[in-house]
Amino acid sequence: MQKEPSASAKKKDAMKALRKTRAKWVANASEKVKQQRKALKGIRGQLAGGAATVPEIAQATGMQTAEVLWYLAALKKYGEIVEAQKDGSYFRYVLTPKVKS
């Protein structure tokens, strides 16, 4: 007659199975977070040098203009940047004084 696993052993096995099934998802999420941090660091670094437009930031960081615009919208929402003067048909963006890159 076989001994039935304890409740603790069942929980441990269930956690192992869960970690295994979610490993790929966790790795993908971690990579996305890493890419986002790199993008934000690049944008903040560019703005630390002075005001810049979306196309200027995109060119300097190698990102698509649409992607830069999304990041700028988030940075603006959370008060890390503000719109400065208009340069042609584009606004220039600057870091707020509280933000340091």
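Tell me the residue from Ala66, Ala58, Ala73 that is at pLDDT 95 or above, exposed (fewer than 12 other Cβ atoms within 10 Å of the Cβ), under 18 Å from Arg92 (Cβ atoms) and within 20 Å of the chain's Cα centre (by Cα), please.
Going through Ala66, Ala58, Ala73 in turn, just one is at pLDDT 95 or above, exposed (fewer than 12 other Cβ atoms within 10 Å of the Cβ), under 18 Å from Arg92 (Cβ atoms) and within 20 Å of the chain's Cα centre (by Cα): Ala73.
When you scan the stretch 80-96, do you find a residue that is surrounded by 13 or more Cβ atoms within 10 Å (Cβ to Cβ), in contact with a helix residue (DSSP H, G or I) (Cβ under 6 Å, 6 or more places away or on another chain) and assigned to a helix (DSSP H, G or I), even just one?
No, the stretch 80-96 contains no residue that is surrounded by 13 or more Cβ atoms within 10 Å (Cβ to Cβ), in contact with a helix residue (DSSP H, G or I) (Cβ under 6 Å, 6 or more places away or on another chain) and assigned to a helix (DSSP H, G or I).
For residues that are surrounded by fewer than 10 Cβ atoms within 10 Å (Cβ to Cβ) and part of a helix (DSSP H, G or I), scanning just the stretch 1-15, find the one that is modelled with the lowest pLDDT.
It comes out as Ala7.
Contact list please: Cβ distance under 7 Å, first residue in the stretch 29-53 and in contact (Cβ under 8 Å) with a residue 40 or more places away in the chain, second residue surrounded by fewer than 13 Cβ atoms within 10 Å (Cβ to Cβ) and of a type in the set (Val, Ile, Thr), pairs at least six apart or on different chains.
Nothing qualifies.
The values are calculated or read from the model by the stated rules, or taken from the named source; none is laboratory data. Since this is a predicted model, take the numbers as computed values, not measurements. FYI the Cβ positions are ideal-geometry reconstructions off the backbone, even for glycines, and counts take in every protein chain you see.
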